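The values are calculated or read from the model by the stated rules, or taken from the named source; none is laboratory data. What you see is a predicted model, and the numbers here were worked out from it, not measured in a lab. Note: ideal-geometry Cβ built from the backbone for every residue, glycine included; neighbour counts use all protein chains shown.
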Amino acid sequence: MLEVKNLKAYIDVDAGVVKAVDDVSFSIKAGETVGIVGESGSGKSVLALSLMQLNPKPPVFYPQGEILFEGQNLLTMKESELRKIRGNKISMIFQDPMSSLNPIFRIEKQLIEAIRTHQDLSRKDAERKAIELLTDVGIPDPERRMRDYPHQFSGGMRQRVMIAIALACRPKLLIADEPTTALDVTIQAQILELLASIQKKYGTAIIIITHDLGVVAKLADRVMVMYSGRIVEEGSTADIFYRTSMPYTWSLLRSMPNIGSAGNERLVPIQGQPPNLITPPKGCNFNPRCLFAGPECLEVDPVLAERGNGHLAACVLSQREFNERKRQLEAVEREGVRG
Amino acid sequence: MFKKKRNLLALGVLLLVTVATITASLWLVQSPTYIDSHQRLLGPSAKHWFGTDHFGRDIFSRVIVAARVSLFIGVVVAVISTIVGTVIGLLSGYYKKADFIVMRIIDGMLAFPALLLALALVAALGGNITNIIIALTFAFFPVVSRVVRSAVLQIRNIQYIEAAKTTGVSDPVILFQYILPNVLSPIIVQGTFIFAKAILAEAALSFLGVGVNPTTPTWGNMLQEAQVYITIAPWFSIFPGVAIVLTVLALNVLGDGLRDAFDPHAPAKRKKRTSMVSNGEQKIA
Amino acid sequence: MSNRLLEIRDLKMYFPIEEGMFKKTTNYVKAVNGLSLTVNKGETLAIVGESGCGKSTLARTIIGLQKPTSGEILFEGKNILEFNHQEMHQLRRDIQMVFQDPFTSLNPRMKVGDIIAAPLKAYKTTKNVKHRVLELMELVGLKPEYYNRLPHEFSGGQRQRIGIARAIALEPKLIICDEPVSALDVSIQAQVINLFKDLQKELNLTYLFISHDLSVVKHIADKVAVMYLGKIMEMSENETFFQEACHPYSNALLSAIPLPDPEKEKTRERIVLKGDLPSPANPPAGCVFHTRCPFAQDSCRENTPPLEKRGEEHFVSCYFPVEHKPAEKARSVVN
């Protein structure tokens, strides 16, 4: 349904050109949930906005690539055609629901407008549909709450309204950019349940962009891990979590605080800082922080390679070599703890 | 900020006027006070570039020399009212208890038009340079203290101020080493504008006849003398007028330039991520 | 009992809600509403709660940025609310704070060295300030050549190190950490958590660690206290909490955290709480949690459960505490 081919999205800043998205390819099938995981500055948000063609141009420009949605290239499409797709076939929800809602209009007006922009409905029908949508996203007493202004809603409720607006036209693809980052855990749990149930009910494909591996583990069928503008590992959720093939993903999993872990044990952080995307390191972008980096990694810039069953990883180490190195390192670390 | 031609030009004009008036005695051919009753109200010529006045004095020399008084008053008023306004603004922005009383007094002062306040004060004190400076300072410092206070209120609750408090840094140090440097930019911008306004106000006061002693050449005094002759000797009014306009305009352009240069939201320093996300959201809405 | 460093007794912090032109006080936001707790020397007490539960207000009140409405804060046995200006100034040496936002908590116009030196200069503890600052920088893992740099040249993690160096400069006894890692990236969080642990061992520090993130808390805390609408719901030792937390709210918080493990995540039962946090201006009568509690009975709506001792160092404020271990208990809810 959506196919991204060799996409590059660069940002022109005073200090140079930031390679925010650097030669990224992937595809999304109808009805699946894909997680894009990365830290801040990994390019995941620029990538998400590229899919909607919402990056401001300038400073963002696309030196290369195609974004094919149902066979049409969004990169070369006119703004007027894009508007027919945005909010209609592809919708997006953002991290901060307050700044995505207009504070001076009632929820009712914003929702009905969203419905009537793309659908030829009378006001009455649109209103009925609006109530239906609010019920779907779990807003109690929608007839009354619809007349409220955004500030009268809590953060979680606002995010529900945003989801309702995004779903207004039954989109084929919903892009959720850090949809729960600004919310409390108990509210996050509610919103994640909601996204899962929507996925089931409407069959919408969802791209969920997050820094939280837990969110991905809960929702996604497939995961792409981004690091410094590249996808460095891609595979089914089980592949990523249990058959990790890329040192970055593995380090990230190790460094995460986790209530499922055994005790109050020491975390193993990733050393150093994420690279500067204007002048990325030579060779593999992760080599300055990688525990397994060898001389080869300073030379070779690895591309995504098949590790079996659609599991792709960008690392010079083969799966066997990686497992071997991992085992050695863990043995050494255990010794260290004991000594 | 000096990459922009506009700002560079403004700075050039100001430097030219300042240097010209300070060094005037070294190079002026005609004395500004030399009276030549045979040469009254002559139009501009090679000998008298700006013409002569009703006593036959050279207007060019007088305009140059007059700048000295005007700029002096402007600078002194700008500096004093900025300092006074800054101190009051800092204190009332930082100490909630002082704030209420001080700001009501300031509001009272702001209720009078600046020029009217100055006029009343000069009328009461008598017109000489010192009194004009005092009067204009009273007229302008309330504006500065308002601006400084609101800037202080904005940053008073930023965490690094609280952090300083919790590490035991004393109030005077917080006020002058933490808050002041962070509110300096609006203060400097206000200062340039007051500089310009003070020059205008001095001219206005002199024009109204309550300003500097009429025998001292100032732009305002010259205009006042010239008004009678405006139909027969327009150059008499035009050149001092142009001098005022150019100086004030240059100062205002400079003030705008400084404001842009200090503004963290200026496009030159755009921050990649924040601006992009907000733009994206605006487009959706 | 001399082991007690900080003791808070029935602390209340109300903020007036002013309405209308004449700022008439119509109600109060009860940010901290009758809270008591104890922090022992050398331990880390984590205060966990969602936004609006009053945990940051608690931190600001202890450090003296706000005067509480009522209650007592005892530091080494002395009530700091009765301190005069001079005593308060001396107290600040002993209690320091690390702030949440590494971007706004450092003065953008001061050099790194000067930021860390500020507390040293305020108390004139040492003649050789620069030497001490470099020592502190080394302690928190900052290179000496950063001394003359400005904060904006650093990433969030390094800025937080600067903030930590400032907080330990005076060798305080207690450090209040207000969400110190929540603004940081995952891979950086772990670095800073480990730094906190190392410093604690090295300098014998006591932490009051405020966080909304239970997974972070698990890796740093000795004791955990859960806060809800200005009150402590449950307090216990780390291990006890993560294995047999028995307040329904604690269990809801635990089960709401998505695990980075898809298998466990799919099979796990969870308590999804209904609705939102009630307004702290009008907290529910009785047990404040009853509006969202899946086990609430009539008695919960009428009476406020006291914070009762349940085991060694384990206190719960609930009439119907969950009896099982979290995993079994969650299943019983479903059946």
Just one of the numbered conditions (1) in contact (Cβ under 8 Å) with a residue 12 or more places away in the chain; (2) more than 9 Å from every other protein chain (Cβ to nearest Cβ) is not true of A:Asp212; which one?
(2)
Scan of the range C:266-291 for residues that are modelled with pLDDT of 90 or more and within 12 Å of chain A (Cβ to nearest Cβ), ordered by number
C:Phe289
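Can you confirm whether A:Val232 is at negative phi, part of a strand (DSSP E or B) and either touching a strand residue (DSSP E or B) at 6+ places or on another chain (Cβ under 6 Å) or not hydroxyl-bearing (Ser, Thr, Tyr) (or both)?
yes
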Out of the residues in the range A:243-255 that are surrounded by fewer than 24 Cβ atoms within 10 Å (Cβ to Cβ) and within 8 Å of chain C (Cβ to nearest Cβ), state the one that is nearest to C:Ser215 (Cα to Cα).
A:Ser255
What strands (runs of 3 or more DSSP E), lying completely within the range C:1-120, carry at least 3 residues that are at pLDDT below 90?
C:4-19, C:24-40
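Okay, residues lined up against (1) surrounded by fewer than 24 Cβ atoms within 10 Å (Cβ to Cβ); (2) under 24 Å from C:Leu259 (Cα atoms); (3) touching a residue at least 12 places away in the same chain (Cβ under 8 Å); (4) among the hydrophobic types (A, V, I, L, M, F, W, C):
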position	(1), (2), (3), (4)
C:Pro151	yes, no, yes, no
C:Ser182	yes, yes, yes, no
C:Gln189	no, yes, yes, no
C:Met235	no, yes, yes, yes
The residue from A:Ile85, A:Ile163, A:Ile90 that alone is over 25 Å from A:Ala189 (Cβ atoms), within 14 Å of chain B (Cβ to nearest Cβ), touching a residue at least 60 places away in the same chain (Cβ under 8 Å) and crowded, with 20+ Cβ neighbours inside 10 Å is A:Ile90
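Only one residue in C:Arg4, C:Arg109 is under 21 Å from C:Ala165 (Cβ atoms) and either surrounded by fewer than 19 Cβ atoms within 10 Å (Cβ to Cβ) or free of Cβ contacts under 8 Å to residues at least 40 places away in the same chain (or both), so which one is that?
C:Arg109
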Restricting the search to the range A:265-312, which residues are among the polar types (S, T, N, Q), crowded, with 17+ Cβ neighbours inside 10 Å and over 22 Å from A:Lys8 (Cα atoms)?
A:Gln273
Of all residues in the range C:143-202 being more than 17 Å from the chain's Cα centre (by Cα) and acidic (Asp, Glu), which is nearest to C:Lys127 (Cα to Cα)?
C:Glu171
In the list C:Thr57, C:Thr69, which residue meets the criterion of being under 15 Å from C:Leu11 (Cα atoms) and more than 19 Å from the chain's Cα centre (by Cα)?
C:Thr69
Matching residues in the range A:108-121 - criterion: being in contact with a Lys or Arg (Cβ under 9 Å, 6 or more places away or on another chain) and either of a type in the set (S, T, N, Q) or not in a helix (DSSP H, G or I) (or both)
A:Thr117, A:Gln119, A:Leu121
Only listed residue being within 30 Å of C:Leu254 (Cβ to Cβ) and touching a helix residue (DSSP H, G or I) at 6+ places or on another chain (Cβ under 6 Å), chosen from C:Ala117, C:Ala46:
C:Ala46
When the residues of the range A:2-41 are narrowed to those that are in contact with a Pro (Cβ under 7 Å, 6 or more places away or on another chain) and within 14 Å of chain C (Cβ to nearest Cβ), which ends up surrounded by the fewest Cβ atoms within 10 Å (Cβ to Cβ)?
A:Glu39
With surrounded by fewer than 23 Cβ atoms within 10 Å (Cβ to Cβ) and either at the interface with another protein chain (Cβ under 10 Å from one of its Cβ atoms) or at pLDDT 90 or above (or both) as the only criterion, which of C:Glu263, C:Glu313 stands out?
C:Glu263
Boolean, A:Gly65 is in a loop (DSSP other than H, G, I, E, B) and modelled with pLDDT of 85 or more
no
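Quick check: is even one residue across the range A:92-111 over 17 Å from the mean Cα position of the chain (by Cα), basic (Lys, Arg) and closer than 28 Å to A:Ser45 by Cα?
no
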Subset of the range A:14-56 (residues that are farther than 21 Å from A:Phe94 by Cα and in contact with a helix residue (DSSP H, G or I) (Cβ under 8 Å, 6 or more places away or on another chain)):
A:Asp14, A:Val18, A:Val24
Just one listed residue, out of C:Thr61, C:Thr69, is in contact (Cβ under 8 Å) with a residue 24 or more places away in the chain, hydroxyl-bearing (Ser, Thr, Tyr) and touching a Phe, Trp or Tyr at 6+ places or on another chain (Cβ under 8 Å), and it is C:Thr69
Positions within the range A:215-226 being among the charged types (D, E, K, R) and within 8 Å of chain C (Cβ to nearest Cβ), in sequence order:
A:Lys218
The condition from (1) without any contact (Cβ under 8 Å) to a residue 40 or more places away in the chain; (2) within 10 Å of another protein chain (Cβ to nearest Cβ); (3) closer than 29 Å to C:Ser279 by Cβ that C:Phe99 misses is numbered (1)
Considering the range C:209-239, residues that are among the polar types (S, T, N, Q) and more than 12 Å from the chain's Cα centre (by Cα), and then whichever is farthest from the other protein chains (Cβ to nearest Cβ), we arrive at C:Ser236
Only one of (1) in contact (Cβ under 8 Å) with a residue 24 or more places away in the chain; (2) closer than 21 Å to A:Gly43 by Cβ; (3) more than 14 Å from chain C (Cβ to nearest Cβ) does not apply to A:Arg307, and that is (2)
So which of B:Pro172, B:Pro113 is within 14 Å of chain C (Cβ to nearest Cβ) and over 25 Å from C:Arg159 (Cα atoms)?
B:Pro172
Taking the condition in contact (Cβ under 8 Å) with a residue 40 or more places away in the chain and within 14 Å of chain C (Cβ to nearest Cβ), does A:Phe292 pass?
no
When you check C:Ala167 against the structure, is it surrounded by 16 or more Cβ atoms within 10 Å (Cβ to Cβ), of a type outside the set (S, T, N, Q), at the interface with another protein chain (Cβ under 8 Å from one of its Cβ atoms) and part of a helix (DSSP H, G or I), yes or no?
yes
Assuming A:Gly260 fulfils every condition listed in (1) part of a loop (DSSP other than H, G, I, E, B); (2) among the small types (Gly, Ala, Ser); (3) more than 8 Å from every other protein chain (Cβ to nearest Cβ) apart from one, which condition is it?
(3)
